[in-house]
1. Taking the criterion of being crowded, with 20+ Cβ neighbours inside 10 Å, among the aliphatic types (A, V, I, L, M) and out of contact with any Cys (no Cβ under 8 Å at 6 or more places or on another chain), would at least one residue in the range 236-243 satisfy it?
2. Can you name every residue in the range 306-317 that is out of contact with any helix residue (DSSP H, G or I) (no Cβ under 6 Å at 6 or more places or on another chain) and over 11 Å from Tyr349 (Cα atoms)?
3. Does any residue of the range 301-322 turn out to be within 16 Å of ligand 2 (Cβ to nearest atom), among the small types (Gly, Ala, Ser) and under 30 Å from Phe161 (Cβ atoms)?
4. Do you know which of the residues in the range 122-132 that are in contact (Cβ under 8 Å) with a residue 12 or more places away in the chain and either under 18 Å from Ser71 (Cβ atoms) or surrounded by fewer than 21 Cβ atoms within 10 Å (Cβ to Cβ) (or both) is nearest to the chain's Cα centre (by Cα)?
5. Would you pick out the residues in the range 358-397 that are within 16 Å of Ser306 (Cβ to Cβ) and either within 14 Å of ligand 1 (Cβ to nearest atom) or crowded, with 20+ Cβ neighbours inside 10 Å (or both)?
6. Name the residue that is surrounded by the most Cβ atoms within 10 Å (Cβ to Cβ), counting only residues in the range 1-22 that are within 23 Å of the chain's Cα centre (by Cα) and part of a loop (DSSP other than H, G, I, E, B).
7. Just to be sure, is Thr31 under 25 Å from Gly377 (Cα atoms), within 16 Å of ligand 1 (Cβ to nearest atom) and touching a residue at least 40 places away in the same chain (Cβ under 8 Å)?
8. Looking at Ala107, Ala96, can you tell me which residue is of a type in the set (A, V, I, L, M, F, W, C), farther than 22 Å from Thr156 by Cβ and without any contact (Cβ under 8 Å) to a residue 40 or more places away in the chain?
Amino acid sequence: MKTVESISFSGKRAVVRVDFNVPLNDQYQVTDLTRITAAIPTINKILKDGGSVVLISHLGRPKDGPTEKYSLKHIIDAVAKELNTSIKFSDDCIGADAFQKSSSLKAGEVLLLENLRFYKEEEKGDVVFAEKLSKHGDVYVNDAFGTAHRAHASTTIIAQFFDTAHTCFGFLMAGEVANLKKVMDHPAKPFVAIIGGAKVSDKIMIIEKLMDRADHIIIGGGMAFTFIKAVGGNVGKSLCELDKLDVALSLITKAKEKGIHLHLPSDVVVADNFSNDSRLNTCDITQIEEGWMGLDIGPATIINYSNIIRESKTILWNGPMGVFEMSNFEAGTKGVAVAIVSATSHGAYSLIGGGDSVAAINKYNLASKVSYVSTGGGALLEYIEQGSLPGISAIEE
Ligand code: 3PG
Ligand code: MG
């Protein structure tokens, strides 16, 4: 992968696509800096060379043009603080002001442009819009791993307006891919993939793909109940995708045929309401009573899953085991996080990806104790499924 390392940016202006789609609170303050921090080395390399940087990003999914809530002006201070320098901002990514500011950037200066998705053309992959964006610089750098699975104007289409000597990847992108390769190419065995989250439908492809590589696939979170229902269990009012029962069954069959251990929870923490104040119980996961819903894996499952994780040499984790945001239903997710940390300290390689599992690992202050925390969710899954991403192919091909 060709990175910013191989280009001297002296006297050059770089258009850098970053993924600053970061969470904001009600006061529009950034609540998780991970994605901003992760892009700093790339920006600093360009500035240190004597170049200047035009940062382009999306924030959220605005549907009706400019919207206060989705303005990137809210993150100016956070970016400036991480870069330890002031930055300029323009409130329209292709407006006259933006071009005036980008064309007059001096060496060492950084300009942040307003949310690309304020234009519908961005998500449509519009060529004219992409060409306009390309005019902001001499070199195009893609460091937006989290958005690299989208074939949008700024992530993919824009690359065609630069020759190969003037396109490259940032350090974050290269780091993400290098770490994913550790999991995908010749992972140390045993390899366990821990897949959680609400829906089976979101994870079918990834589970199938992982069967080519993993020795153990651990299922947790809301999606477990679709599997349990499919094998004849009673799931009460737990989350369940009734139209995916056949898919769940075929995954179980496939795992058997391939000799993969597909693990389902054996017990579950149930509540009579989706609330931390609801009545609680623990039961066999196949015998949830009417009116009750499973919101976390149970204590026996935590022990079983932790043992499998501790005996593994490669660990991939995507998706929480339960509703870890509520204290009564966090034990499963926390238990898995602790087991991953323990395995890592004994030499296992662990990669965590996806917004919710990353939020969980941060909640328990364990991010520094695993091998790699990805800035991608959808991008990570799609890379594992497809072996590449539109944002990567656009530069490499
Ligand atoms: C993300 O957070 O998933 C990326 O920034 C991409 O955003 P999107 O899912 O709205 O395309
Ligand atoms: Mg997404």
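The values are calculated or read from the model by the stated rules, or taken from the named source; none is laboratory data. Note that this is a predicted model, so its numbers are computed, not measured. Positions of Cβ are backbone-derived with ideal geometry, glycine not excepted, and every protein chain shown enters the neighbour counts.
1. no
2. Passing the criteria: Asn307, Ile308, Glu311.
3. no
4. Glu123
5. Ala360, Ile361, Val370
6. Among residues in the range 1-22 that are within 23 Å of the chain's Cα centre (by Cα) and part of a loop (DSSP other than H, G, I, E, B), the one surrounded by the most Cβ atoms within 10 Å (Cβ to Cβ) is Val18.
7. No, not satisfied.
8. Just a single option satisfies the conditions, and that option is Ala96.
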